[in-house]
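One structure is given below, encoded as structure tokens.
The values are calculated or read from the model by the stated rules, or taken from the named source; none is laboratory data. If you're wondering where the values come from, they're calculated on a predicted model, not measured in any experiment. Ideal geometry is used to build each Cβ from the backbone, glycine not excepted, and the neighbour counts take in all protein chains shown.
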Amino acid sequence: MGRRVVRVWGAAAVLLWMLVGPVSATELRVGFIPVLGVAQLFVIEGEGWDQKAGFEIVPTQFESGPAMISALASGTLDAAYSGIGPMMVAQTRGLDVRVVAACATGEVAVVARGRLAGLSGGNVAAALAAFKAMEGRPARIASQPAGSMPDTVLRYWLETVAKADPTTYDILGMGIEQTQQALLAGAVDAASVREPTVTLVLMRDPEAKVLAVGNQMMTDQPGTVLTLTGEFMRRAPELAARLVGLHVRATDLLNEKSGSVAEHMQRGLGKGLVPAEVYRRALASVASNFVADPMRIRTATGVMQDFQLRLGVLKVPADLDRLFDSSLYLLARSAK
């Protein structure tokens, strides 16, 4: 019954907003992880759409999705841009969260440097075995912490797709920035990363190799999602509807490859420290597939969940029918 009320009031709010324009400014607390999959957030901010729509986004950066769960549990966030994996974990821990839009699919890629890059030739299992034989140790592969989307996709790919011998690799969990630093410093042999790290590493090291990306790792690989807390949706249904509407609009602009988008990423995501050219290339890479429809990743999320249950990352399955709520996305599309 609660979800039905949110949908009805959300529809009324969007229609009212379209007729009378923005309301008085309200702060919207949004957590995010620093990857290109959250591009919609910085398009909304960069274009000034949030303020024109009567609210102001207050962003908070987190180094991994699991770290964001505590903030959601404490009530200090209204929304989160993170991988789908932590949101499943959050729901199984009793948090009322709803995935209201997708952001991207196929974000995770595995990039290798040094000897492992030189050994890669299509057969990853053989390359890892050869690396161990030559180096006398397993390849070190960095990823985000257990339960995160990059970690899950990496393990799924190594085990079910590449069918690599588990004694030929060690997976090291760490934060996003630490993963990038470790790969660039040569402290690890490969890493499970997303854009713009993929592009940044390839630009700095022409001998680095992408071992796998996107659908090669998992069909319709679920990526970053926009999640709202149930409390926020009940407290401010009209604001929730406006945010999702702007998210859909931002997704369309990203897919149009607008020239302004890279500059938004440089200012918002790169804090002005990373050249805009990095973001221009990253936005055009095969690891950048922007989508907004949450149901686009629903089936693949079920595959991911089954794998996480087998790994023990999830102790009980999330209720995906409750976790995914496409009502605000459908409303936004119908209003366009």
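Looking at Ala142, Ala164, Ala146, just one residue is under 25 Å from Asp220 (Cα atoms), aliphatic (A, V, I, L, M) and more than 23 Å from the chain's Cα centre (by Cα), and that residue is Ala164.
Only a single item in (1) modelled with pLDDT of 95 or more; (2) in contact with a Leu (Cβ under 9 Å, 6 or more places away or on another chain); (3) surrounded by fewer than 24 Cβ atoms within 10 Å (Cβ to Cβ); (4) over 18 Å from Leu314 (Cβ atoms) is not met by Ser120, and it is number (1). Can you tell me which residues in region 148-176 are closer than 19 Å to Glu63 by Cβ, in contact (Cβ under 8 Å) with a residue 40 or more places away in the chain and in contact with a strand residue (DSSP E or B) (Cβ under 9 Å, 6 or more places away or on another chain)? Listed by number, the residues that qualify are Ser148, Met149, Pro150, Asp151, Thr152, Val153, Leu154, Ile176. Of all residues in region 128-139, those satisfying the criterion of being in contact (Cβ under 8 Å) with a residue 12 or more places away in the chain and either crowded, with 20+ Cβ neighbours inside 10 Å or part of a helix (DSSP H, G or I) (or both) are Leu128, Ala129, Phe131, Lys132, Met134, Glu135, Ala139.
Here's the yes/no breakdown for (1) small (Gly, Ala, Ser); (2) surrounded by fewer than 18 Cβ atoms within 10 Å (Cβ to Cβ):
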{"residue": "Gly48", "(1), (2)": "yes, yes"}
{"residue": "Phe55", "(1), (2)": "no, no"}
{"residue": "Thr60", "(1), (2)": "no, yes"}
{"residue": "Met68", "(1), (2)": "no, no"}
{"residue": "Gly75", "(1), (2)": "yes, yes"}
{"residue": "Val97", "(1), (2)": "no, no"}
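Taking region 268-281 as the range and being more than 19 Å from the chain's Cα centre (by Cα) and surrounded by 15 or more Cβ atoms within 10 Å (Cβ to Cβ) as the test, the residues that pass are Val274, Ala276.
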